[in-house]
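Contents: one structure, followed by commentary.
The values are calculated or read from the model by the stated rules, or taken from the named source; none is laboratory data. These numbers were taken from a predicted model, which means no experiment stands behind them. Note that we place each Cβ from the backbone using ideal geometry, even for glycine, and neighbour counts take in every protein chain shown. We work out accessible area using only protein heavy atoms, side chains counted, and drop any ligands, DNA or RNA first. Shrake-Rupley method; radii C 1.70, N 1.55, O 1.52, S 1.80 Å.
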Amino acid sequence: MIGKETTAGRATKFTFLGLWLLFSVFPLYWIAVTSLKAPGDIFSFPIAYWPERFSLENYRGLFGKADFGTYLVNSLVVATVAGAVATAISTLSAYVLARFEFRTKSALLMAALVTQMIPSFIALGPLYLLMTDLRLVDNRLGLVLVYIAVCVPFCTVMLRGFFENVPDALEEAAMIDGLSRFGALVRVLLPVMRPGIVAAFIFNFVNCWNELFLSVTLMNSDGTKTVPTALNGFISSFNIDWGSMSAAAVLTIAPTMILFAFASRHIVQGLTSGAVKG
């Protein structure tokens with residue numbers, strides 16, 4: 001009886017996992033297949049789940065007409081710089097919050113958490129006026145600064161959990177050996193914190209790479225637009241260019257998938273080590 005229940009339970013588990021995998025992977029598969037269809041074959045009936053002939057016309061149109069390469073470069077530069085700077089600032093902030101006691105510590109932590117509950121588009125109007133006064137509208141530097149401000153609060157709270165899992169004895173031993181507090185941080189704590197820092201950077205990078213509202217508001221010219229803004233441009237009042245949008249979606253998803261594939265070990269290790277306080 002136990003064996004039958006175990007077999008039935010296992011079959012049920014694999015059935016649900018298979019359905020979950022199907023619902024998760026099929027949209028990605030359909031986007032990729034649609035991007036490889038000729039424009040005239042996208043709306044053919046009956047629906048072809050595997051194209052009879054593959055075409056790169058949608059991809060050629062992206063780089064020939066829409067200058068999609070510029071959008072990719074803009075997104076890569078903005079997401080990389082904003083993610084790296086936000087991670088660096090958050091690392092130092094998290095270290096202070098984890099290692100020192102001061103009067104406004106609880107208030108700072110509460111403020112960092114409360115900011116995550118406020119939708120970013122609520123501040124679009126005042127933010128646009130501020131960036132206009134600073135002459136940073138339609139400027140990649142302005143978008144980088146905004147993304148840094150958005151990423152730092154949550155990333156600081158997340159990295160604080162990693163620092164609290166690192167024993168104080170490591171830092172104290174390094175300082176006894178002659179290192180300064182900053183030297184102990186750089187030479188002892190940061191190598192131990194590498195999985196958490198990698199996870200934080202990837203979190204920031206993906207958030208900046210996928211962000212739409214701020215980019216649409218602050219970036220107006222074709223030379224400064226990012227990939228999400230370009231994707232939004234394929235939707236007009238009367239038509240949606242599904243072929244070009246699918247090709248652009250494939251090129252948009254690919255960098256993040258490659259990043260997760262190479263850094264998956266650090267991500268899992270970092271998120272699990274920061275989730276439980278030792």
Inset, instruction - Using 0.36 nm per residue of separation minus the Cα-Cα distance, give me the extension gain between Phe54 and Leu92 in nm, one decimal. - result: 8.6 nm
Inset, instruction - Counting helices only, and only those DSSP H runs with n ≥ 4, report the 222 nm mean residue ellipticity of the chain as the sum of -39,500 (n - 2.57) divided by its residues, in deg cm²/dmol to the nearest 500. - result: -24000 deg cm²/dmol
Inset, instruction - At 15 Å minimum axial length over the Cα atoms and a Kyte-Doolittle cut of -0.5, report the qualifying DSSP H helices in the chain, or say none. - result: 2-35, 68-99, 105-115, 140-165, 194-210, 242-275
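Select from the range 1-102 those trypsin sites (Lys or Arg not before Pro) which occupy a DSSP coil region and have at most 15 other Cβ atoms within 10 Å, ordered by residue number. If you can, show how the numbers build up before the last one.
Working: sites: Lys4, Arg10, Lys13, Lys37, Arg53, Arg60, Lys65, Arg99; in loops: Lys37, Arg53, Lys65.
Listed in order of number, the matching sites are Arg53, Lys65.
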Legend entry - Contour minus Cα-Cα distance for Leu130 and Ser44 (0.36 nm per residue): 26.1 nm
Inset, instruction - Please work out how much accessible surface Ile258 shows to a 1.4 Å probe, ignoring ligands, DNA and RNA, in Å² rounded to 10. - result: 100
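How much of the accessible area of the range 129-271, in percent, comes from carbon and sulfur atoms when a 1.4 Å probe is used?
Details: 4750 of 7250 Å².
Its accessible area is 65 percent carbon and sulfur atoms.
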Inset, instruction - Give me the number: length gained by fully extending Arg99 to Leu113, i.e. 0.36 nm times residue separation minus the C-alpha to C-alpha distance, one decimal in nm. - result: 3.1 nm
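Plugging the Kirkwood radius over Cα pairs into Stokes-Einstein for the range 19-86, at a temperature of 25 °C and a viscosity of 0.890 mPa s, what D comes out in µm²/s?
Details: Rh = 14.6 Å.
D, rounded to a whole number, is 169 µm²/s.
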Legend entry - Per residue, in Å², the accessible surface of the chain once ligands and nucleic acids are set aside, probe 1.4 Å: 59
Inset, instruction - Give the value in nm², to one decimal: projected area of the alpha carbon convex hull of the range 143-246, averaged over all directions. - result: 9.2
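Mind pulling the per residue volume of the convex hull built on the Cα atoms of the range 1-138? Å³ is fine.
On the way: hull volume 40.0 nm³, N = 138.
With only Cα atoms used, the range 1-138 gives 290 Å³ per residue.
Taking a ≥ b ≥ c as the square roots of the eigenvalues of the Cα gyration tensor of the range 62-273, is the shape rounded (a/c under 1.5), prolate (a/b larger than b/c) or oblate? The partial results should precede the final answer.
Values: a/c = 2.62, a/b = 1.81, b/c = 1.44.
It comes out prolate by the Cα gyration axes.
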Inset, instruction - Quote the Stokes-Einstein diffusion coefficient, in whole µm² s⁻¹, for the range 167-222, based on the Kirkwood radius over alpha carbon pairs, a temperature of 4 °C and a viscosity of 1.567 mPa s. - result: 92
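Write out the GluC sites (Glu not before Pro) in the range 1-94 meeting two conditions: DSSP loop, and at most 14 other Cβ atoms within 10 Å of their Cβ. Walk me through the intermediate numbers first.
Working: sites: Glu5, Glu52, Glu57; in loops: Glu52.
Of the GluC sites (Glu not before Pro), the ones in loops of the range 1-94 whose Cβ has at most 14 other Cβ atoms within 10 Å are Glu52.
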Legend entry - Accessible-area ranking of Tyr59, Tyr71, largest first, probe 1.4 Å: Tyr59, Tyr71
Legend entry - Where chymotrypsin sites (Phe, Trp or Tyr not before Pro) fall in DSSP loop in the range 222-256, at most 12 other Cβ within 10 Å: Phe238
Legend entry - Equivalent ellipsoid semi-axes, the range 126-181, via Cα gyration tensor eigenvalues times 5, rooted, Å: 40, 14, 7
Inset, instruction - Enumerate the amide H contacts of Ser55 below 5 Å, restricted to partners 5 or more residues apart or on another chain; note that Pro and chain-start residues carry no placed amide H. - result: Lys37, Ala38
